[in-house]
Amino acid sequence: METVYHFAIFALAIFVGYYVVWSVTPALHTPLMAVTNAISSVIIVGALIAAASQAAGPAGLDINTWIAKGAGGIASALAAVNIFGGFMVTRRMLAMYKKKEKIAGGKH
């Protein structure tokens, strides 16, 4: 029963996140990317803690520990990709506001 409850919260978070992200105006995209980069950095900290979990039972590491380690590894990889992509998009958007340099000796 508890798993169904957690899955329902996860599914609800997916729908809410989808509608929140797609309703953002383009003018707010860069500040939103900065906030998601900050959130992803917090996610990486939690993922690393999960990946380093060491709960051992009488027969060594139990299945829940291996699930936590796997989920932590996957979460840290996905958050790292999200952070990298966010910085690349932010860099491109900020480059759009730089003044273009004039080429010497030509009309441009």
Hits in segment 1-54 - residues which are loosely packed, with under 10 Cβ neighbours inside 10 Å, part of a helix (DSSP H, G or I) and among the hydroxyl-bearing types (Ser, Thr, Tyr): Thr3, Tyr5, Tyr19
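I'd like to verify a number: residues in segment 4-18 that are hydroxyl-bearing (Ser, Thr, Tyr) and modelled with pLDDT under 85, how many?
Keep residues of segment 4-18 that are hydroxyl-bearing (Ser, Thr, Tyr), which gives 5, 18.
Among the residues that remain, those that are also modelled with pLDDT under 85 are: 18.
Residues in segment 4-18 being hydroxyl-bearing (Ser, Thr, Tyr) and modelled with pLDDT under 85: 1 in total.
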Please work out if Ala55 is at pLDDT below 80, out of contact with any Lys or Arg (no Cβ under 9 Å at 6 or more places or on another chain) and small (Gly, Ala, Ser). yes
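The values are calculated or read from the model by the stated rules, or taken from the named source; none is laboratory data. Small disclaimer: the values here were computed from a predicted structure and weren't measured. Note that we place each Cβ from the backbone using ideal geometry, even for glycine, and neighbour counts take in every protein chain shown.
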